[in-house]
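The values are calculated or read from the model by the stated rules, or taken from the named source; none is laboratory data. Owing to the predicted nature of the structure, the values given are computational and were not obtained by experimental measurement. Every residue, glycine as well, gets a Cβ built from its backbone with ideal geometry; the counts of neighbours run over all protein chains shown. Surface areas here come from the heavy atoms of the whole protein model, side chains and all, with no ligands, DNA or RNA. Shrake-Rupley method; radii C 1.70, N 1.55, O 1.52, S 1.80 Å.
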Amino acid sequence: MASSASAAERAYEAIHDGILNGVHPTGTMLGEEALATAIGVSRTPVRTALARLQDEGWIVIYPKRGALVRGLSERAVADLADARLILESTAASRASAEAREGLAERLRHSIAAQREAFDSDDLRGFIELTIAFHRTFVEAAGNDVLLELNDRLADRQRFLLFSFGDRLLARCADIIAEHETLVERLRTGDAAGFADALRDHLVDTYATQIGDAPRSFRSAAPAAERR
């Protein structure tokens, strides 16, 4: 039983990772037998893994034909960008001035690593650094529920960025410059500027349109002090 569960988990991780990083692009028809051979398991754990991936919305299973890899619709991309804008702007607005200063320093190190990945044409490394970079804004709120919501979106974010491929690498220099702007506006407490810069960054990166976001940093002082 444990071995079977382990094989199913291994199959799931292999197929899931392949979908997210573009090994299995949108529109690909996956076959159980080919997947089982590539992963080194029998067809039963592959079948279990595919059923799980269908439940999560990554594929559509067609009996006796295979499993079709789904993409993100234009609406889904816009919704993802909108959710990221709301989460990151709201979370950043909850950070104290002291916390923002510490986060800015941490994010500057991230940007340096992003630049190294870009110079090395390391798409995977750049994407993972970018996801972690944006997650830091959500961490700033110190709210576990916001962070959980953010992490639920991470795979969709990863899938979308990998789907851009060379187009993302071509925009890396602009992305890094936009990240530097976000860090500086976070550090200075420029809430409106942060929200505007984040919105423009997401619109340009995701090639979509989204609405506005919350635009005020809230003081970390107790309510009585703020009054």
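Of the set (1) out of contact with any helix residue (DSSP H, G or I) (no Cβ under 6 Å at 6 or more places or on another chain); (2) open to solvent by 10 Å² or more (accessible area, probe 1.4 Å); (3) hydrophobic (A, V, I, L, M, F, W, C), all apply to A140 but (1). Of everything in region 5-52 that is free of Cβ contacts under 8 Å to residues at least 24 places away in the same chain and polar (S, T, N, Q), the residue that is farthest from R152 (Cα to Cα) is T37.
When region 37-59 is filtered for residues that are among the β-branched types (V, I, T) and either open to solvent by 70 Å² or more (accessible area, probe 1.4 Å) or within 22 Å of the chain's Cα centre (by Cα) (or both), the ones remaining, listed by number, are T37, T44, T48, I59.
Taking region 13-36, which residues are part of a helix (DSSP H, G or I), of a type outside the set (A, V, I, L, M, F, W, C) and open to solvent by 20 Å² or more (accessible area, probe 1.4 Å)? Don't jump to the end; show me each part of the working.
Residues of region 13-36 part of a helix (DSSP H, G or I): 13-20, 32-36.
Those still in the list that are of a type outside the set (A, V, I, L, M, F, W, C) too: 13, 16-18, 32-33.
Answer for region 13-36, where residues must be part of a helix (DSSP H, G or I), of a type outside the set (A, V, I, L, M, F, W, C) and open to solvent by 20 Å² or more (accessible area, probe 1.4 Å): E13, H16, D17, E32, E33.
Taking residues in region 117-138 that are touching a residue at least 24 places away in the same chain (Cβ under 8 Å), and partners anywhere that are assigned to a helix (DSSP H, G or I) and acidic (D, E), the pairs with Cβ atoms closer than 9 Å and at least 6 places apart or on different chains are L123/D166; H134/E88; F137/E88; V138/E88; V138/D151.
Go through E101, E105 for me and flag whichever is touching a residue at least 12 places away in the same chain (Cβ under 8 Å), in a helix (DSSP H, G or I) and among the acidic types (D, E).
Values: E105 fails: touching a residue at least 12 places away in the same chain (Cβ under 8 Å).
The unique qualifying residue is E101.
Among the residues of region 106-117, the ones that are closer than 14 Å to H134 by Cα and acidic (D, E) come to 0 in all. Within region 169-196, the residues that satisfy the criterion of being of a type in the set (D, E) and part of a helix (DSSP H, G or I) are D174, E178, E180, E184, D196.
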